[in-house]
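The values are calculated or read from the model by the stated rules, or taken from the named source; none is laboratory data. It should be emphasised that the depicted structure is a prediction, and the values quoted were computed from it without experimental measurement. Cβ coordinates were reconstructed from backbone atoms using ideal geometry, including for glycine residues, and neighbour counts include every protein chain displayed. Only protein heavy atoms, including side chains, enter the accessible area calculation; ligands, DNA and RNA are left aside. Shrake-Rupley method; radii C 1.70, N 1.55, O 1.52, S 1.80 Å.
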Amino acid sequence: MRLLFLGDIVGRTGRNAVIERLPGLREAWKLDAVIINGENAAGGFGLTEAIFDEVVASGADVVTLGNHSFDQREALVFIERAPRLIRPANYPKGTPGRGATLVDLKNGMRLLVVQVMGRVYMDALDDPFAALERELAACPLGLGADAVVVDVHAEATSEKQALGHFADGRASLVIGTHTHVPTSDHQILGHGTAYMSDAGMCGDYDSVLGMDKEEPIRRFIQKTPGLRFEPATGEATLSGLAVETDDRTGLAVKIAPVRIGGKLSQAEPDFWLE
Ligand SMILES: [Fe+2]
Ligand SMILES: [Fe+2]
């Protein structure tokens, strides 16, 4: 199977890049599934239903969230009627929505997507390892699902790597989100799981994490209230990872970083070109 994972969409420029480029990539690379993190898609904070619908219409099979899941209050309601939208599985019991979703793809195969959130330098949540264990046990790779993708929404690379090795051999891909900067440690782990500590963002990299530079710089220098963070508006880079899995085992056989448009050095898989 051919999978594409794209990191956090930040603001309008990130959305526009996804909407403009994803349909063409889906076709050119004959993608079977696309997973995108959308936690910063609405003005940098959260996700609205209209934006979620746009991202799905452009070719995303599943959209994941994160610590900004409910910044747009309407997400508390529409997440319940959006089975292809997930928030971290280790949120407290009773949190709206779900932390994992099993979707039937157009190719007839089944894709499980799980999101867990880290606890290092983040909110005190339930154990992400236990939550991931539960979800993987409920729908094992090769039995319940033909591919399993885990979005680890976390700050610390140590926690992300630990979760990657924890799921090695049981997921097609474990990939980090949240830090908005792509790492160059993409690899296939010893038991066949593709791994990358952070997918990066779909946003303007002439920025501080996708936001206009001035206010973040000011806040580091002056500890006084200031203006709102606003998403930067320059051309976005689509950033993430391309993964090909073995249809029989569901494990990864080929991976390549993806960086298209904007300021970052460009990268595309060469193994899907005819
Ligand atoms: Fe984010
Ligand atoms: Fe985040």
Output the residues belonging to the stretch 180-190 that are open to solvent by 30 Å² or more (accessible area, probe 1.4 Å), in contact with a helix residue (DSSP H, G or I) (Cβ under 9 Å, 6 or more places away or on another chain) and not acidic (Asp, Glu).
-> 183, 190
Lone qualifier among 116, 120 - being open to solvent by less than 10 Å² (accessible area, probe 1.4 Å), modelled with pLDDT of 95 or more and either assigned to a loop (DSSP other than H, G, I, E, B) or not aromatic (Phe, Trp, Tyr) (or both) = 116
If we ask which residues in the stretch 43-57 are open to solvent by less than 10 Å² (accessible area, probe 1.4 Å) and either over 18 Å from residue 178 (Cβ atoms) or in contact with a Gly (Cβ under 7 Å, 6 or more places away or on another chain) (or both), their number turns out to be 3
Consider residue 26 carefully, then state whether it is part of a loop (DSSP other than H, G, I, E, B), among the basic types (Lys, Arg), at pLDDT 95 or above and over 18 Å from residue 201 (Cβ atoms).
-> no
Only one residue in 135, 159 is under 19 Å from residue 65 (Cβ atoms), of a type in the set (Asp, Glu) and touching a Gly at 6+ places or on another chain (Cβ under 6 Å). Which one?
-> 159
Pair list, Cβ under 6 Å, 6 or more apart: the stretch 53-79 residue more than 15 Å from residue 40 (Cα to Cα), other residue within 13 Å of ligand 1 (Cβ to nearest atom) = 60/36
Residues within the stretch 31-68 that are farther than 22 Å from residue 126 by Cβ, part of a loop (DSSP other than H, G, I, E, B) and among the small types (Gly, Ala, Ser), tallied | 8
The condition from (1) closer than 27 Å to residue 163 by Cα; (2) open to solvent by 10 Å² or more (accessible area, probe 1.4 Å); (3) without any contact (Cβ under 8 Å) to a residue 24 or more places away in the chain; (4) over 16 Å from the mean Cα position of the chain (by Cα) that residue 91 misses is numbered (3)
Among (1) open to solvent by 80 Å² or more (accessible area, probe 1.4 Å); (2) closer than 13 Å to residue 39 by Cα, where does residue 71 come up short?
-> (1)
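Conditions tested, residue by residue: (1) closer than 25 Å to residue 207 by Cα; (2) surrounded by fewer than 22 Cβ atoms within 10 Å (Cβ to Cβ); (3) away from ligand 1 (no atom under 16 Å from the Cβ).
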| residue | (1), (2), (3) |
| --- | --- |
| 41 | yes, no, no |
| 78 | no, yes, yes |
| 81 | no, yes, yes |
| 112 | no, no, yes |
Qualifying positions in the stretch 259-274 - among the aliphatic types (A, V, I, L, M) and either in a strand (DSSP E or B) or within 25 Å of residue 214 (Cα to Cα) (or both) = 260, 264, 267
Conditions (1) under 24 Å from residue 242 (Cβ atoms); (2) assigned to a helix (DSSP H, G or I); (3) open to solvent by 50 Å² or more (accessible area, probe 1.4 Å); number of the one not met by residue 107 = (2)
